[in-house]
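Sharing a structure with you now.
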Amino acid sequence: MALNQRQTELIDLIHEKGFITIDELVQIFKVTPQTIRRDLNSLAQLGVIIRHHGGAESISTTENTSYQSRKILNLEAKESIAKELVKMIPNGSSLFINIGTTTETIARALLNHSALNIVTNNIHVATILSAKEDFTVIIAAGEVRHRDGGIIGEATCDFMSQFQMDFGIIGISGISNDGSLLDFDLREVKVAQAIINNSTNVLLAADHSKFGRNAMIKQGNIAQINHLFTDQEPPEAIKEILKNNAIATHII
């Protein structure tokens, strides 16, 4: 299912408010209650919101939406971000790529490059990039998370820490207004921290839906990155952090 603009805005609004009624949504979007109900039912089936009688609420801060749902959410924005981000990667570079549907989109956008050296803890990224004979693709050791092909655990952290790469390309589940980078799995967060600590340049790819989205585990702070790639202006509080830390912001 491809989401239309209203459905994408619905998701953002529900994430922002936590809970919202059908009546409120009717007023905001100027459509019938039946249209809103259909949208909410479809989004609930995708697992991106929780449907209630009379309204909807955002998903838990302890569990991410399903992998298949995340693959189609804001796909056009992810593809635009990926197209812009890969312009920063010179041929012959070394790079980490972590877990996420956004980073998988970036991997596909890298296929026009040459002679890249990639270390990843994402099985899907490794599969995409191994199609290029002139790429060296190294996949991390560790436990494979069945729901999304992510490789996680202490062994994965130790493995990543053996490398020093030109670029670390990371995605994230949420970014709070104090700049905290948030995710759902402590083991995944530890691996992402190893990537940040062992990359000369850290590139964060995050579409607008990640701003203000909650998750319970802190991965770090947006002040630790070098470049942010996103599709809309960040909130003012985030813009201030980016400015104060001289972080390059690329709005696609």
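Identify the trypsin sites (Lys or Arg not before Pro) of the range 145-252 meeting these criteria: DSSP loop state and at most 11 other C-beta atoms within 10 Å of the C-beta.
In loop regions of the range 145-252 (DSSP not H, G, I, E or B), the sparsely surrounded trypsin sites (Lys or Arg not before Pro) are Arg147.
Now for a separate question. Rg to Rh ratio, the range 168-252, alpha-carbon atoms and Kirkwood radius?
A ratio of 0.92.
In nm, give the distance between the simple-model label positions of Arg6 and Arg108, each being 7 Å from the Cα along the Cα-to-Cβ direction.
So the two model labels end up 2.7 nm from each other.
Using 0.36 nm per residue of separation minus the Cα-Cα distance, give me the extension gain between Thr35 and Met216 in nm, one decimal.
My answer for the length gained is 61.9 nm.
Using a 1.4 Å probe on the protein heavy atoms, what percent of the accessible area of the range 131-215 belongs to carbon and sulfur?
The C+S portion of the solvent-accessible surface of the range 131-215 is 48 percent.
Of the residues Ala140, Ala155, Ala77, which exhibits the maximal mean-square fluctuation in a Gaussian network model of the chain defined by a 10 Å Cα contact cut-off?
Ala155
If packing is taken as the average number of other Cβ atoms within 10 Å across a peptide's residues, how do 112-124, 44-56 rank, most packed first?
112-124, 44-56
Let's test the formula: R0 of 35 Å, r as the Cβ-Cβ distance of Asp134 and Glu79. What FRET efficiency results, to the nearest 0.05?
Using R0 = 35 Å, I get an efficiency of 0.90.
Okay, next question. In nm, what is the difference between 0.36 nm times the number of residues separating Phe19 and Ala248 and their Cα-Cα distance?
That pair, Phe19 and Ala248, stretches by 79.1 nm at full extension.
Still on this structure, please answer the following. What list of ³J(HN,Hα) values in whole Hz, one per residue of the range 22-36 in order, does the Karplus curve 6.51 cos²θ - 1.76 cosθ + 1.60 (θ = phi - 60°) give from phi, with Gly and Pro shown as x?
4, 4, 4, 5, 4, 5, 5, 9, 6, 10, 6, x, 4, 5, 5
Moving to a separate point now. Between Ala141 and Thr200, take the C-beta separation as r, use R0 = 22 Å, and let me know the FRET efficiency to the nearest 0.05.
Taking R0 as 22 Å, the efficiency between Ala141 and Thr200 is 0.45.
Follow-up question, since we're still on this one. Would you mind computing, in nm to one decimal, how far apart the modelled labels at Asn177 and Lys87 are, each placed 7 Å from Cα along Cα→Cβ?
For the pair Asn177/Lys87, the computed spacing is 3.2 nm.
Here's a follow-up. What does the charge count near Ala44 come to, summing +1 for each Lys or Arg and -1 for each Asp or Glu among other residues with Cβ under 12 Å from its Cβ?
Once all neighbours under 12 Å are counted, the net charge is +1.
For the chain, set up a GNM with springs between Cα atoms under 10 Å and report which of Ala205, Ala237, Ala109 has the largest fluctuation.
Result: Ala237 has the largest fluctuation of those listed.
By per-residue mean of other Cβ atoms within 10 Å, what is the highest-first order of 22-28, 10-16?
10-16, 22-28
Summarise the long-distance tail of P(r) for the chain by giving the % of C-alpha pairs beyond 23 Å.
Roughly 50 percent, rounded to a whole number.
Between the DSSP loop rule and a limit of at most 14 other Cβ atoms within 10 Å, which chymotrypsin sites (Phe, Trp or Tyr not before Pro) in the range 145-252 are left?
none
The values are calculated or read from the model by the stated rules, or taken from the named source; none is laboratory data. Just so we're clear, the structure is a prediction, and the values are computed from it rather than from any experiment. We place every Cβ from the backbone using ideal geometry, glycine too, and count neighbours over all the protein chains shown. SASA here: full protein model, heavy atoms, side chains in, ligands and nucleic acids out. Shrake-Rupley method; radii C 1.70, N 1.55, O 1.52, S 1.80 Å.
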